[in-house]
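The values are calculated or read from the model by the stated rules, or taken from the named source; none is laboratory data. Note that the coordinates shown come from a computational prediction; the quantities given were computed from them, not determined experimentally. Reconstructed Cβ throughout: ideal geometry from the backbone, glycine too, with neighbour counts over all protein chains shown.
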Amino acid sequence: MSTDTLVAPLVEVRNLQKFFGPSAKPVRAVDDVSFSIQPGETLGLVGESGSGKSTIGRALLRLTDSTAGTITYRGEDLGAATGSRMRTLRSKLQMIFQDPYASLNPRMRVRDILGEALRVHGLAPGKEATAARIAELLRLVGLPPEHAARYPHEFSGGQRQRIGVARALSVQPEFIVADEPLSALDVSIQSQVVNLLCDLRDQLSLTMLFISHDLDVVEYLCDRVVVLYLGRVMEIAPTEELFSRPLHPYTHALLAASPKPDPTLKLVHVPLKGDMPSPVNPPTGCVFRTRCPHAIDACAQTRPEVRDMGAGRFKACIRDDIELTAMP
């Protein structure tokens, strides 16, 4: 599969694998995943729980080592980076974690949480410069600078996630992995954080991998989308095309199952059969075949490659004769 364009990708993933457990019977959390992210792009990563989304996000930042494959940042192989080199690169590669309650040290004031990275990377030498940068970061995420003296427990969930965003931005990164940053928040404040991420992305020219279960947010925020199932890529497409005309049966099932706020829509939704198989013992051939309403005998024999379908679209399915209903 080739996703190359005239502009060199900022981040490129090739044949990524991440297995857990004994080598004789490993858990295949991520199995031969490839995609690229262009500078300034927001790439969405979607799929059911257990599909490997968070594992990919952590592997991209070397928070977990991959089993096989390569991850490059500006052409540099992150897997080959030494400890000192990786520490330097960490200022360019940051993560916004899922749970703002668990990702902030409860014993540290906000000024210490934000100031720690500044000191480690030497980005604000001196107390005055550090204090000024912390105040700037808090304003950037919509919090008063005087909140720097507070502890995490003194904030609401949405405010804590804003602090998590500020911490990620403190080292002036180019690339951010946002690992389901809305899932631990009340619905009433999720939109505020989404709008904040949109504003910061545009203001700071950030490149982002956005991991989420919320397809409506992905449609609003992302330029392209990668659809995962059981650690493998099912489809890659520009957001508008994927949401209006999915090519893979799994993508179609995900979109059809997503709640629609318009009661006049009459969607035909065929529920998927059974549960997702175990990554310890994935199905032969196509991993989705055991739940696919369009599966044929050949699907059990052939492991489909991710094929270029033109116009920036890719799918992993051996069938081209399936007529999937266009989504509203």
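Given the structure, is A131 more than 30 Å from A8 (Cβ to Cβ), without any contact (Cβ under 8 Å) to a residue 24 or more places away in the chain and surrounded by 15 or more Cβ atoms within 10 Å (Cβ to Cβ)?
Yes, satisfied.
What tally of residues in the range 296-328 results from selecting those that are surrounded by 20 or more Cβ atoms within 10 Å (Cβ to Cβ) and assigned to a loop (DSSP other than H, G, I, E, B)?
4
Looking at S244, S205, S170, which is the one that is surrounded by fewer than 22 Cβ atoms within 10 Å (Cβ to Cβ), more than 16 Å from the chain's Cα centre (by Cα) and over 24 Å from S51 (Cα atoms)?
S205
Quickly run through the range 51-108 and pick out the residues that are of a type in the set (D, E) and either assigned to a strand (DSSP E or B) or buried (at least 20 other Cβ atoms within 10 Å of the Cβ) (or both).
Within the range 51-108, E76, D77 meet the criteria.
Just to be sure I understand the filter: pairs with C-beta atoms under 7 Å, separated by 6 or more residues or on different chains, first member in the range 311-328 and touching a residue at least 24 places away in the same chain (Cβ under 8 Å) and closer than 21 Å to A257 by Cβ, second member assigned to a strand (DSSP E or B) and basic (K, R). Which pairs pass?
K315/R307; A316/R232
Among the residues of the range 232-252, write down those that are acidic (D, E) and closer than 24 Å to D275 by Cα.
Hit for the range 232-252 is E235, nothing else.
So, in the range 2-26, of the ones that are surrounded by fewer than 16 Cβ atoms within 10 Å (Cβ to Cβ) and hydrophobic (A, V, I, L, M, F, W, C), which residue ends up farthest from the chain's Cα centre (by Cα)?
Among them, the one singled out is A24.
Please specify each residue of the range 216-227 satisfying the condition of being in contact (Cβ under 8 Å) with a residue 40 or more places away in the chain and either touching a Gly at 6+ places or on another chain (Cβ under 9 Å) or of a type in the set (V, I, T) (or both).
V218, L221, C222, D223, R224, V225, V226, V227
For residues that are within 22 Å of P173 (Cβ to Cβ) and either at pLDDT 95 or above or in a loop (DSSP other than H, G, I, E, B) (or both), tally how many sit in the range 118-129.
Within the range 118-129, residues that are within 22 Å of P173 (Cβ to Cβ) and either at pLDDT 95 or above or in a loop (DSSP other than H, G, I, E, B) (or both) number 5.
Picking from L255, L228, which residue would you name as being in contact with a helix residue (DSSP H, G or I) (Cβ under 9 Å, 6 or more places away or on another chain) and outside any helix (DSSP H, G or I)?
L228
Would you be able to say whether some residue in the range 24-37 is assigned to a helix (DSSP H, G or I) and not charged (D, E, K, R)?
Checked the range 24-37: no residue is assigned to a helix (DSSP H, G or I) and not charged (D, E, K, R).
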